[in-house]
Amino acid sequence: MFTGIIKEQGIIKAIKSSGNIIEFNISCQEIFKSLNVGDSVSVNGCCLTITSLDSSASSFIVQLTEETINKTNFYGLKEGIFVNLEPSLNFDGKIDGHIVTGHIDCTGRVLAVNSDDDNIIVKILFPEEYKYFIAPKGSISVNGVSLTVIDSDINSFSFTLIPFTRDNTNLGLLKTADLVNLEVDLISRYIVNCLKHSDTLKLSGARGNK
């Protein structure tokens, strides 16, 4: 479980393939001392498991399955690319963003990056099947960053990229046509699912009352 508040940008040092598994060797500084083998870590918003650590290089290795590669923008990443990192949430701490599971729903594509004084407005195209999960003023995770939706329609939404987020995450490097990892808000996921099956739930409740 994560919050969508990025702690550091890491760099992909090496990419290694072994059958259907791809290994990313990622270097970082700030969060490295808090990491352990077996820990969950959010990489561009995707929850991955640390399989090994290299103290001499301040780097860790995560393994990606074919399913993860197909559902994320990881297949297009290369050595030297910056990725957003967040260690898993401690429940004795505070949640500054929103509840993020690290389970990527789909990828989105950048339609436009426009300046608005010191801020940047980014517009993202997403699969239409997720239109009911994204709403103005709602939360969404983009490459693991907790963001507020400005506006949305059936297959696109916009968000504001403030200077701090631009400077401290890889969203500041976004350009038109780039792919990003998207995770819809957890609350919206359950609400939409309940509404989708509301007739079934009513019938089930009616039978239970007899």
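Yes/no per residue for (1) at pLDDT 95 or above; (2) under 19 Å from the mean Cα position of the chain (by Cα):
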| residue | (1), (2) |
| --- | --- |
| GLY19 | no, no |
| PHE24 | yes, yes |
| GLN29 | no, no |
| CYS47 | yes, yes |
| SER52 | yes, no |
| SER56 | no, no |
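In the range 171-180 there is at least one residue that is surrounded by 11 or more Cβ atoms within 10 Å (Cβ to Cβ) and part of a strand (DSSP E or B).
One residue stands out among those in the range 67-102 that are acidic (Asp, Glu) and exposed (fewer than 12 other Cβ atoms within 10 Å of the Cβ): the one that is modelled with the highest pLDDT, which is GLU79. Cβ-Cβ distances below 7 Å connect the following pairs, each with a first residue in the range 7-24 that is within 13 Å of LEU48 (Cβ to Cβ), a second residue that is loosely packed, with under 15 Cβ neighbours inside 10 Å and among the β-branched types (Val, Ile, Thr), and a separation of six or more residues or different chains: ILE21/THR65.
Within the range 133-159, the set of residues being exposed (fewer than 15 other Cβ atoms within 10 Å of the Cβ) and either over 15 Å from the mean Cα position of the chain (by Cα) or not in a strand (DSSP E or B) (or both) comprises PRO136, LYS137, ILE150, ASP151, ASP153, ILE154.
The criterion of being among the acidic types (Asp, Glu), surrounded by 18 or more Cβ atoms within 10 Å (Cβ to Cβ) and not in a loop (DSSP other than H, G, I, E, B) does not hold for GLU129. State whether the residues of the range 117-131 include one that is over 30 Å from LEU195 (Cα atoms), more than 13 Å from the chain's Cα centre (by Cα) and either among the charged types (D, E, K, R) or not assigned by TED's automatic domain parsing to the domain that holds LYS175 (or both). Checking the range 117-131: at least one residue is over 30 Å from LEU195 (Cα atoms), more than 13 Å from the chain's Cα centre (by Cα) and either among the charged types (D, E, K, R) or not assigned by TED's automatic domain parsing to the domain that holds LYS175 (or both).
Looking for whichever is touching a residue at least 40 places away in the same chain (Cβ under 8 Å), in a strand (DSSP E or B) and over 25 Å from ILE187 (Cα atoms) here; the options are ALA57, ALA112. Which one fits? Write out each step before concluding.
Values: ALA57 fails: in a strand (DSSP E or B).
Result: ALA112 is the single residue among ALA57, ALA112 that is touching a residue at least 40 places away in the same chain (Cβ under 8 Å), in a strand (DSSP E or B) and over 25 Å from ILE187 (Cα atoms).
Scanning for something hydroxyl-bearing (Ser, Thr, Tyr), surrounded by 16 or more Cβ atoms within 10 Å (Cβ to Cβ) and more than 29 Å from THR148 (Cα to Cα), does the range 42-54 turn up at least one residue? Within the range 42-54, not a single residue is hydroxyl-bearing (Ser, Thr, Tyr), surrounded by 16 or more Cβ atoms within 10 Å (Cβ to Cβ) and more than 29 Å from THR148 (Cα to Cα).
If you scan the range 25-54, which residues turn out to be touching a residue at least 60 places away in the same chain (Cβ under 8 Å) and assigned to a strand (DSSP E or B)? Walk me through it before giving the result.
The initial filter retains those residues of the range 25-54 that are touching a residue at least 60 places away in the same chain (Cβ under 8 Å), namely 40, 42-46.
If the condition is that a residue be touching a residue at least 60 places away in the same chain (Cβ under 8 Å) and assigned to a strand (DSSP E or B), then SER40, SER42, VAL43, CYS46 are the ones that fit.
Within the range 60-91, the residues that satisfy the criterion of being closer than 20 Å to SER17 by Cβ, in contact (Cβ under 8 Å) with a residue 40 or more places away in the chain and part of a strand (DSSP E or B) are GLN63, LEU64, VAL83.
The values are calculated or read from the model by the stated rules, or taken from the named source; none is laboratory data. Keep in mind the model is a prediction, meaning the values are calculated, not measured. Heads up, the Cβs are rebuilt from the backbone with ideal geometry, glycines too, and the neighbour counts pull from every protein chain shown.
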